[in-house]
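Only one structure is covered here, and it is reproduced in the block below.
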Amino acid sequence: QQDDDRPPRLRVQGTQRRLPRALIIGVRKCGTRALIEMLNLHPDIRKSDSEVHFFENDDRYMNGLEWYRKKMPYSFDNQITVEKTPSYFVSREAPGRIRAMSASVKLLLIVRDPATRVLSDYAQILESKRYKGSSFKPFHKLVMLPNGEINDRYNAVQISQYVVHILRWLRVFPRNQLHIVDGDKLIHNPYPEMRKIEKFLNLPPKINAGNFYFNRTKGFYCMRNETHQRCLADSKGRRHPYVDPGIIEALRRYFAPFNEQFYQIVGQNFSWPT
Ligand code: A3P
């Protein structure tokens, strides 16, 4: 078929690469990998294998939609292609560019307690710096200013100001095109969260409670189907470094007004600790 670059005999007949009809737009460290892997249990879902960073990266965006489409997996026309790139959430350009691709695309956002998210973000960067042998500032030096206030120029703090970012999306997309997953609930009981997503995507209910089992060693739910079972990589569900509880409390106080506004704007209360 001229449609594609792969010779037809290496491809299941009737499949082609298609632009996503659903996108996981973030938030980084809130369970985006778990979400896409769990969603992929559904036979009508096809996930892209990597984060394409297309809509927020100017150089990649310049390659055009045809370039992006060729990064997508092969699918049948009844299947929904899903791509996830968590940094879309904080990008100024991504909402408008995504709308230009498709005004009807469905958006999935996963959130969790913003203070825990900052710590998870720090833990990831700390690990990668350690791996490279470079030094890294302690958590309190990044999060707190010498005067005891929260450092709102720290990138990880800015990402957790969910309301600031969601407003950009809601200027471009109607609320009913966005589904927000509670990342804390996804950790503790994934099946009900997945059922809600099936409804949002108008998919027949194919994922069931038996697709998830709790793995004590990992400390998280893992996935299985008729033929496979697997947990996410060790980089998902890391042990967080110890930090003074006073800093977490200060972060929670700092985020409380942002959270209240976020609940109001999205019409969903996540009851994050204050
Ligand atoms: P921690 O590593 O801080 O615990 P992302 O994929 O967006 O980077 O998010 C990573 C987070 O996904 C992890 O953060 C973990 O808490 C969460 N998560 C949710 N469900 C999970 C699962 N079943 N297995 C592993 N991690 C999971």
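Quick note: the coordinates plus some simple rules give every number you see, no bench work behind them. Predicted model, so just to flag it, every value in this text is computed and none were measured. All Cβ positions, glycine included, derive from the backbone under ideal geometry; neighbour counts span all protein chains shown.
Annotated for segment 43-139: lysine pairs at least 8 residues apart or interchain, Cα distance under 19 Å, count 9. Binning the alpha carbon pair distances of segment 48-197 at 5 angstrom intervals from zero yields the distribution 2, 8, 13, 17, 18, 17, 13, 8, 3, 1, 0, 0, expressed in whole percent. Across H188, H140, H228, mean-square fluctuation computed from a Gaussian network of the chain (C-alpha pairs under 10 Å connected) peaks at H228. Size descriptors for segment 143-183, from the alpha-carbon set: Rg then Dmax equal 14.1, 43 Å.
Annotation: amide H of I45 within the under-5 Å range of I80, sequence separation 5 or more or interchain, hydrogens built in the peptide plane. In order along segment 145-155, the phi-based Karplus estimate (6.51 cos²θ - 1.76 cosθ + 1.60, θ = phi - 60°) of 3J(HN,Hα) comes to 7, x, 7, x, 7, 6, 7, 7, 8, 6, 3 Hz; Gly and Pro are listed as x. Positive end of the dipole of segment 70-138 (Cβ unit charges, origin at the Cα centre): among S104, P86, S128, the Cα lying farthest that way belongs to S128.
Between the listed residues I187, G267, P257, the Cα displaced farthest toward the positive end of the dipole of the chain, a dipole computed from Cβ unit charges relative to the Cα centre, is found at I187. Backbone amide hydrogens, once placed in the peptide plane, bring A22 within less than 5 Å of T81, E83, K106, excluding anything fewer than 5 places away on its chain. Can you classify segment 118-167 as rounded, prolate or oblate using the Cα gyration tensor, where a ≥ b ≥ c are the square roots of its eigenvalues, rounded means a/c under 1.5, and otherwise it's prolate if a/b beats b/c and oblate if not? Oblate, because a/c is 1.5 or more while a/b does not exceed b/c.
Each Lys and Arg adds +1 at its Cβ and each Asp and Glu adds -1 at its Cβ; summed about the Cα centre, the chain shows a dipole of about 380 debye. Which shape class, rounded, prolate or oblate, goes with the chain when its Cα gyration tensor gives a ≥ b ≥ c as root eigenvalues, a/c under 1.5 marks rounded, and past that a/b bigger than b/c marks prolate? Because a/c hits 1.5 or more and a/b exceeds b/c, the chain counts as prolate. GNM remark for the chain: springs join alpha carbons under 10 Å apart, and the peak mean-square fluctuation among M62, M101, M223 falls on M62. In plain terms, the residue of T15, T116 with the fewest other Cβ atoms within 10 Å comes first and the most crowded comes last, giving T15, T116.
Going by neighbour counts of Cβ atoms within 10 Å, the residues H240, H42 line up, fewest first, as H240, H42. Ranked by how many other Cβ atoms sit within 10 Å of their own Cβ, fewest first, the residues L145, L35 fall in the order L145, L35. Excluding the site residues themselves, the longest part of the chain lacking any GluC sites (Glu not before Pro) in a DSSP loop with at most 14 other Cβ atoms within 10 Å is 1-92.
Given axes a ≥ b ≥ c from the Cα gyration tensor, I'd like to know whether segment 126-274 is rounded (a/c under 1.5), prolate (a/b larger than b/c) or oblate.
oblate
Taking θ as phi - 60° and the Karplus parameters 6.51, -1.76 and 1.60, the scalar couplings of segment 127-139 work out to 5, 5, 5, 4, 4, 7, x, 8, 7, 8, 5, x, 3 Hz in sequence order, x denoting glycine and proline. Across segment 187-203, computed HN-Hα scalar couplings (Karplus, 6.51 cos²θ - 1.76 cosθ + 1.60, θ = phi - 60°) run 5, 8, 7, x, 4, x, 5, 6, 4, 5, 5, 4, 5, 4, 8, 6, 9 Hz from first to last residue, x flagging Gly and Pro.
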